[in-house]
Number of protein chains: 2
Amino acid sequence: MPRYPDYSPAVAGIPGSVYSALAHRIETFEGEVYPLHVGDTWLEPPEGCRMEDLATAAYPGLHRYAPPHGLPALVEAVAAQVAARTGVPTEPRDVLMATGATGALGAVAGALLAPGDEVLILAPHWPLIAGIVRSFHATPVAVPYLGEVNDPEGALEAVAARRTPATVALYLSTPNNPTGRVIPRDQLESLAEWARGEGLWLIADEVYEDYCYRGEHAYLRALAPERTFAAYSFSKAFGMAGNRIGYAVGPAAAMDQVRKVSTHTFYSAPTAGQVAALRLFDGRGEPWLAATRERYRELGAAAARRLGLPEPDGSTFLFLDVADHLDDRGLFGFLEDCVERGLFLAPGPSFGPYPTHVRLCFTAAEPAVVARGVEVLAGMLGRSPP
Amino acid sequence: MPRYPDYSPAVAGIPGSVYSALAHRIETFEGEVYPLHVGDTWLEPPEGCRMEDLATAAYPGLHRYAPPHGLPALVEAVAAQVAARTGVPTEPRDVLMATGATGALGAVAGALLAPGDEVLILAPHWPLIAGIVRSFHATPVAVPYLGEVNDPEGALEAVAARRTPATVALYLSTPNNPTGRVIPRDQLESLAEWARGEGLWLIADEVYEDYCYRGEHAYLRALAPERTFAAYSFSKAFGMAGNRIGYAVGPAAAMDQVRKVSTHTFYSAPTAGQVAALRLFDGRGEPWLAATRERYRELGAAAARRLGLPEPDGSTFLFLDVADHLDDRGLFGFLEDCVERGLFLAPGPSFGPYPTHVRLCFTAAEPAVVARGVEVLAGMLGRSPP
């Protein structure tokens with residue numbers, strides 16, 4: 001058992017960021033910087049939903065605790081929206097407002113996982129999910145999937161190959177961070193049916209639900225409402241990542257367990273951020289979203305064209321294999337060469353077993369800055385000038 | 001191993017709030033309500049430190065992610081303040097900005113604890129610490145202490161009696177929630193020396209450091225900096241509980257482990273709340289604090305006098321044994337009787353093995369409301385009218 005000077009072995013086993021040695025060079029870099037390694041947006045939130053719009057006089061209690069469950073009006077608005085979008089009856093008790101989708105997924109993991117449990121994770125995957133699983137003493141098991149599986153039968157083969165007696169849950173993100181792909185409905189149906197047969201929980205990270213550019217975003221919870229937790233966020237959808245407001249939706253009795261963990265890891269989601277989110281439902285959110293979706297679609301398509309990649313189906317990312325451009329310094333050398341040109345990209349190993357990939361976020365900076373950063377990358381990949 | 005429809009046994013073992021059945025009656029109660037069960041303040045934050053004061057134009061990135069470690073300027077300001085107050089050299093790497101002290105202590109617990117570990121907790125204790133320990137699959141062990149231990153020798157006897165081979169850490173809160181007592185320096189010295197000899201970590205919850213009304217708040221980290229984590233908060237000190245900004249301070253290498261857990265449970269503390277906290281360091285915080293400390297001291301003293309209790313030494317709470325006023329319905333019946341009069345109090349069992357106690361927060365509502373609530377309680381306890 002750990003005691004001074006030892007730590008939790010599970011947490012000690014979470015790798016530190018190999019990239020931090022590079023990322024801090026942003027602050028000292030001379031010349032224009034292209035910080036495309038972060039998943040964020042350059043856009044401010046819609047007018048009326050910014051901190052300066054939240055008058056203390058209009059919102060008594062603005063700086064006091066919100067209920068740990070969430071601001072009642074926001075919980076109700078979200079439950080109604082989820083019900084309308086998914087077709088699944090959704091009550092306030094099915095919802096938890098959280099410190100971003102990270103807080104939501106952390107609380108879900110804490111509620112479900114015991115030491116020794118394994119969680120199947122469709123890969124490439126959101127970087128934090130592996131560490132979330134480890135933080136609660138369970139083991140993440142990457143399932144190579146996006147870009148490799150093309151049909152429902154392949155989906156079953158992929159998950160069955162990694163399932164063990166210790167498997168308790170399956171996690172997936174769609175629209176996917178980092179690949180920009182959307183998992184088709186028929187594959188989700190196949191996975192949901194398999195999970196039901198195997199007695200597993202399902203966790204769907206759908207924070208990019210509003211950023212699907214072609215095809216359809218299918219909701220996993222609609223296919224297995226009794227066992228699915230879904231995570232959403234105002235962060236990416238509305239330029240509010242710093243507000244730390246996301247939410248989890250799931251079966252009410254299970255959400256009671258999830259709320260125990262959220263109460264003990266962040267207590268309540270920030271009050272002002274919840275009020276800002278609530279103001280989106282006053283007709284401010286939808287027009288912003290419609291305009292932004294079209295803008296992101298164009299930005300993603302332009303970046304993909306320049307880099308010779310397929311256009312993304314959703315999310316705000318491109319995921320590239322740069323194996324042909326590595327020398328004996330490997331991926332870290334390539335990333336160093338990028339940094340010397342002011343370009344910051346996220347390293348493939350953060351997303352699973354992808355030692356020669358990089359991720360680029362095409363909304364992380366002003367479009368002109370992103371375009372120049374993409375141009376730097378295109379040059380390094382030997383793409384001829386446009 | 002848990003799988004659908006089972007949960008983490010550790011989390012399933014966290015008791016739900018026995019009080020929630022009563023607390024929700026606040027919303028439907030007809031007549032004046034005295035919500036003295038919550039630990040909060042009725043005061044708004046200092047002018048200049050409210051959400052409406054945070055102009056997007058003045059703070060580029062106000063709605064974007066802060067670095068997971070914390071806003072650099074705030075981390076530096078906090079490190080300098082901690083160094084000045086404790087005399088312990090404190091660098092930015094020793095600090096983590098968190099979603100309140102809850103987020104800070106959750107991340108510390110996650111970094112330290114493995115399944116089967118035990119944590120000694122000086123009781124009565126802050127209600128959430130037991131569930132925090134359980135959320136990371138370890139076991140909280142209450143050590144009856146405040147109100148029972150009077151000298152350094154007694155301190156050693158109290159902790160030694162509950163220490164087992166599984167003990168890995170000792171947690172204490174001073175100024176104490178819920179008792180309003182401050183643990184004297186000589187007892188802390190004794191506990192620190194004991195922890196060093198036993199090879200244990202120390203966790204000091206000092207969120208009421210600014211609210212010590214008599215005697216001295218001694219900093220545990222000054223006595224054992226190599227093994228002590230301390231948690232602080234802007235929530236209670238400055239009327240900002242809803243902003244969810246607190247911080248942890250500890251040994252740098254250990255804080256690297258703590259940051260792994262915070263990244264995976266809430267990612268980063270809310271940006272606007274950190275900017276608001278930073279503005280306190282522009283000369284706005286100290287005068288507010290000096291005035292508020294005196295005001296809280298008077299409120300605590302007045303409530304204590306009316307209830308026939310010793311005045312609190314610190315914090316914003318009184319903790320009363322109401323054993324002589326219980327009928328065969330026990331404590332819950334007494335709390336029900338309070339609720340019927342509009343008075344909401346926190347039940348003793350939330351704070352450890354205290355089946356006949358209640359906690360009252362004397363800053364949870366406007367002073368006149370608190371005074372009327374105290375009057376209700378005084379009447380129930382048979383105190384003659386003033």
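Laboratory data are not the source of any read-out in this text; all were calculated from the coordinates shown. Please read all numbers here as calculations on a predicted model, not as lab measurements. Neighbour counts are summed over all protein chains in view; Cβ atoms, including those assigned to glycine, are modelled from backbone coordinates with ideal geometry.
Structural remarks
- Position A:ASP186, label points 7 Å along Cα→Cβ, spacing to each other copy in nm (shortest first, one decimal): 8.0
- Residue list for region B:255-291, given a label point 7 angstrom along the Cα-to-Cβ vector of B:ALA84 and an amide N cut-off under 19 Å: B:275-291
- With R₀ set to 41 Å, the beta-carbon distance separating A:ASP151 from A:ALA55 gives a calculated FRET efficiency near 0.15.
- Take B:ARG293, move 7 Å from Cα toward the beta carbon, and the resulting point lies 5.5 nm from the same point in each other copy, nearest first.
- Label point of B:GLU336 (7 Å along Cα→beta-carbon): distances to the other copies' equivalent points are 7.2 nm, sorted ascending.
- J(HN,Hα) series, region B:319-326, from Karplus relation 6.51 cos²θ - 1.76 cosθ + 1.60, nearest Hz, glycine and proline x: 10, 10, 8, 10, 3, 6, 10, 9
- Rounded, prolate or oblate (a/c below 1.5 giving rounded, otherwise prolate when a/b exceeds b/c) for the protein assembly as shown by Cα gyration tensor: prolate
- Relative contact order [Cα under 8 Å, 6+ residues apart], region A:52-281, whole percent: 29
- Within chain B, percent of DSSP bridges classed antiparallel, to nearest 5: 45
- Cα Rg, Dmax (largest Cα-Cα span) when computed across chain B, Å: 20.7, 62
- Reducing region B:335-386 and region B:1-50 to their Cα centroids gives an inter-centroid distance of 17 Å.
- Of all DSSP beta bridges in the protein assembly as shown, antiparallel share, percent nearest 5: 45
- Computed over region B:61-118, the ratio Rg/Rh where both radii use C-alpha atoms and Rh is Kirkwood: 1.06
- Inter-label distance, nm, simple model (7 Å from Cα along the C-beta direction), A:ASP6/A:THR164: 2.2
- B:PHE266 sits among other residues whose Cβ lies under 13 Å from its own Cβ, and their net charge, with Lys and Arg +1 and Asp and Glu -1, is +4.
- For chain B: relative contact order, % (alpha-carbon pairs under 8 angstrom, 6 or more apart): 25
- Kyte-Doolittle mean at least -1.0, axial Cα span of 27 Å or more - DSSP H helices of chain B: B:285-307
- Spin-label pair B:ARG196-B:ARG295: with each label point 7 Å from Cα along the Cα-Cβ axis, the two points sit 4.2 nm from one another.
- Cut-off 15 Å between beta-carbons: net charge of the residues surrounding B:LYS236, Lys and Arg +1, Asp and Glu -1: 0
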